[in-house]
Amino acid sequence: MSWIPAISGWGWLLAAVLGGVPLGIILLYFLKLRREPVEVPSTYLWSKTIEDLHVNSLLQRLRRSLLLLLQLLAVALAAIAIFRPGIRGETSDRGRLVFLLDTSASMQATDLENGESRFEKAKRLIRGRIETMSDSEVAMLVTFSDRPETVQSFTSDRRRLIEALERVRVTNQPTDILGALKAADGLANPRRSSEVGDLNDVQVADAKPADLLIYSDGGFQDVTEFNLGNLVPQFISIGSEQVSNLAITAFSAERNLEKPSEIQAFATVVNLGTEAAECSATLSSGGEFLDAETVSLEPGDQTGLSFTLESEESLALELNLDVDDDLRLDNVAYAGLSPLRTVSVLVVTDGNTPVRLGLSTPKAAKICNTQIVAPSYLDSEQYVARADAGSDDLIIFDRCRPSSMPLTNTFFIGTLPPSVVQQGDASDADSPATDASEPTGWSWASDESPLVLVDVDRTHPMMRFLELFSLLIFNGRAISGPPGSLELVGADIGPVLVLAPRDGYQDMVLGFEIVSTDGEGGNQANTNWYAERSWPVFMLNVLRYLAGAAEATGAPSYQPGETVRLRLESAIAESKVQRIGGEQIDTGVGPGGVIEIVETNEPGNYQVEAGERLVDLFVVNLFDRNESDIEPSPSIELGYEAVEAAEGGVEERREFWRWALIVMLGLLAAEWWVFAKRVA
């Protein structure tokens, strides 16, 4: 143990002033009294006045003055208190400290004494360690949740470190310590200028060993691909051995395919505490009670909950566990059904009954506003303005093509996109591009001939629920797409349905016609696909995926802090995002109707609105079993090295100046009592 003062410049000045106070007090006791003449009728009454002459005897005065002794002791204790004496344990000779503070969701657990959270205790321990730093020690503070943040770089200024510590806030995010370890690794393990074994290899900086102090409950995965090198780790485990926590680890809602008005909600509840627990799970929407179930689980057990509701509209659901456990964040979960989204589709054709019927089925009609025009419409100013503005979510070109690609997704049937991206001569899709334009990369890969389908990419959303191997196709050609294209359907002559990206948009090309033109200029069938059950399903997939339409489906769920990317209708230029019960977030709409939301730290239901219309919905939930499993770890694995939790934590500074002040106040009170008694 070592004694440590904690005194600044003003403290030394005050100590110097107090050093002269005892001398002043003593001098006051030896000042000659200014005696007033008193007329008395008898010399007997002179005895009281004569006693004042005793002040001239120093030793006699000190023996009799209890007040002087009390005052000197009080001043001495005040001087000691200014020096703030204390003791601390032996410190490392490395002189460098790296504080890693866990700010993840599990640090919100309140399983400690007096309801103190783990995060509050970790900050208290770090502050105590900072206060014990000597003037020769330097330290830095790094926080970590799902990403690291260097709050304070290396400094010996204890005040700056404490101010940085006070700014840190706990988050709702999961834990990933690797980034924080890499931040500390850059100091203690400097890199080299070339590969190991090179004769000219030099170390770019001197190694600076440091003590790595990790304040966490250990609720993260083992870090194996990491070399500690010159870092000397110490794990300070935060949390108690007895914890209680019921957690919702999954919650979703979806419509019954056979009965669309029926909604089914499913949830998973796990007991991740050390004691048996029982509570009720309450389902609500907009504060309105919908249903409830009872949950009773032993430690480590889990159960599934299911609810059935009736609604044809979009819905925001909230599930609450009515229990007061150590971690409240995972006692609530959110789910929702996205609103029905209507898309605008322009069909350019000389006449195609199968396409018209495929877009007019009951399901397609609910999500699609279709306009059918002749190919001559492509030469009008109205089309040019429409294509340049991207007013449509999808344009279908049946046996025709525009002079340039529109600013939206496209579907070409029996023809290729124009040979150039910008305006140019598009009389022949196989003609070379002009110097001022960029080729699209589309070309025919075979001559026209009968074909047989041999392969379908069933994993792609465009091909869901499709059986195509029974189709008869009289004439078609294989397609060669631009770089990045994806083959959806393959035939014996090559790819016949290809999807390719284009500057934020997507283009799909079908290598055969559905309806072809006969010798007399009339329409005739080129395939029997229109008579198969797969045709309306395919057209519905085109609307859902390529046009971006969707029926009221389950809202996607994201973790706190995760960036959310959504694709809206092409006609929407501005949107706003609002967490139900929270603040509004304004966001712009990027190319292709894509928006990005980064302010997702708070769990809840988030609504995306365009004007007064609800256009999309997503939810933010914790849903991380590692965070909900709040039982502290006895050790952590860092680079194949097990780091045991420090017993008793890190020793804090022990102060004695407070006790000195208390005794000083007691002495002043005693001095006042003695003085008041004598005066009385």
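Amide hydrogen proximity for SER216: with H placed 1.01 Å from N in the peptide plane, the residues at 5 or more positions away or on another chain lying under 5 Å are ILE236, ILE238.
Computed over protein heavy atoms with a 1.4 Å probe, the accessible surface of segment 252-379 works out to 48 Å² per residue.
Between GLU116 and GLU149, the modelled label-to-label distance comes to 2.4 nm, taking each label 7 Å out from Cα in the direction of the beta carbon. Just so you know, the Cα atoms of segment 490-543 work out to an Rg and Dmax of 13.8, 41 Å.
Modelled label positions at SER449 and VAL384, each set 7 Å beyond Cα in the direction of Cβ, lie 4.2 nm from each other. Quick query: amide H of VAL151 versus all other amide H atoms, modeled in the peptide plane; which residues come in under 5 Å with a sequence gap of 5 or more or a different chain? When sequence neighbours closer than 5 places are left aside, the close amide H contacts are LEU141, VAL142, THR143. Heavy-atom surface analysis with a 1.4 Å probe gives segment 477-559 a carbon and sulfur content of 46 percent of its accessible area. Surface composition of segment 357-398: carbon and sulfur make up 54 percent of the accessible area, probe 1.4 Å.
The mean accessible area for residues of segment 467-625, using a 1.4 Å probe and ignoring ligands and nucleic acids, is 44 Å² per residue. For segment 406-418, the Karplus equation 6.51 cos²θ - 1.76 cosθ + 1.60, evaluated at θ = phi - 60°, returns couplings of x, 8, 6, 6, 9, 9, 9, 10, x, 8, 9, x, x Hz by residue, with Gly and Pro reported as x.
In terms of the mean number of neighbouring beta-carbon atoms within 10 Å, the peptides 444-457, 133-146 order highest first as 133-146, 444-457. Ranked by the mean number of other Cβ atoms within 10 Å per residue, highest first, peptides 371-378, 473-480 order as 473-480, 371-378.
The values are calculated or read from the model by the stated rules, or taken from the named source; none is laboratory data. None of these values were measured; they are calculated from a predicted model. Ideal geometry is used to build each Cβ from the backbone, glycine not excepted, and the neighbour counts take in all protein chains shown. Quick note on the areas: whole protein, heavy atoms, side chains included, nothing else; ligands and nucleic acids left out. Shrake-Rupley method; radii C 1.70, N 1.55, O 1.52, S 1.80 Å.
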